[in-house]
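Here's the structure we're looking at; comments come further down.
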Amino acid sequence: MADFVKVARMDEIESGQARLIDVKGTQIALFNINGEFFALDNTCTHDAGSLAEGEIGGYEVICPLHGAKFDIRTGEVLGPPAYENVARYSVRVTGTDIEVEV
């Protein structure tokens with residue numbers, strides 16, 4: 001059964017930035033895009049690059065290793081060399097706390 005777990009406060013991640021978080025042993029990239037928060041599996045499906053370290057442009061993140069692109073909102077692959085989507089996690093904000101469902 002999945003639960004929402006507090007992972008950060010809203011003021012800890014600036015807009016257009018990502019943060020690597022560990023929730024119950026799962027590495028998750030948490031993104032702030034214009035005050036909206038999104039969470040994806042941190043590991044690129046092509047060659048295990050860290051998406052939290054990737055370049056962010058709008059709702060896209062580019063893996064720093066080989067340039068695979070993913071939609072931050074859905075985890076969908078937008079460009080090769082990756083061909084598999086990354087897992088997306090539900091996010092909610094309670095007061096100033098950011099919570100991720102894992």
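Numbers for the structure displayed
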{"quantity": "Most positive-pole-ward Cα, Ile28, Ala68, His46, against dipole of the chain from beta carbon charges", "calculated": "Ile28"}
{"quantity": "Length-normalised contact order for the chain - Cα pairs under 8 Å, 6+ apart - percent", "calculated": "28"}
{"quantity": "Burial ordering of Thr43, Thr26, Thr94, fewest other beta-carbon atoms within 10 Å first", "calculated": "Thr94, Thr26, Thr43"}
{"quantity": "Ascending count of other beta-carbon atoms within 10 Å, so fewest first, for Asp97, Asp41, Asp22", "calculated": "Asp22, Asp97, Asp41"}
{"quantity": "Inter-label distance, nm, simple model (7 Å from Cα along the C-beta direction), Ala48/Asn34", "calculated": "3.6"}
{"quantity": "Whole-Å semi-axes of the ellipsoid equivalent to the chain (Cα gyration tensor, √5λ, descending)", "calculated": "22, 14, 11"}
{"quantity": "Estimated vicinal HN-Hα couplings, Hz - region 72-81 in sequence order (Karplus 6.51, -1.76, 1.60; Gly, Pro = x)", "calculated": "5, 6, 10, x, 5, 5, 10, x, x, x"}
{"quantity": "Long-range amide H partners of Ala68 with built H, under 5 Å", "calculated": "Cys63, Ala82"}
{"quantity": "Ranked list, fewest to most other Cβ atoms within 10 Å of each Cβ, for Thr74, Thr96", "calculated": "Thr96, Thr74"}
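Read-outs throughout are calculated quantities, based only on the coordinates presented, and are distinct from any laboratory measurement. Just so you know, these numbers come straight off a predicted model, no measurement behind them. Using ideal geometry, Cβ is built from the backbone for each residue, glycine included, and neighbour counts are taken over all protein chains shown.
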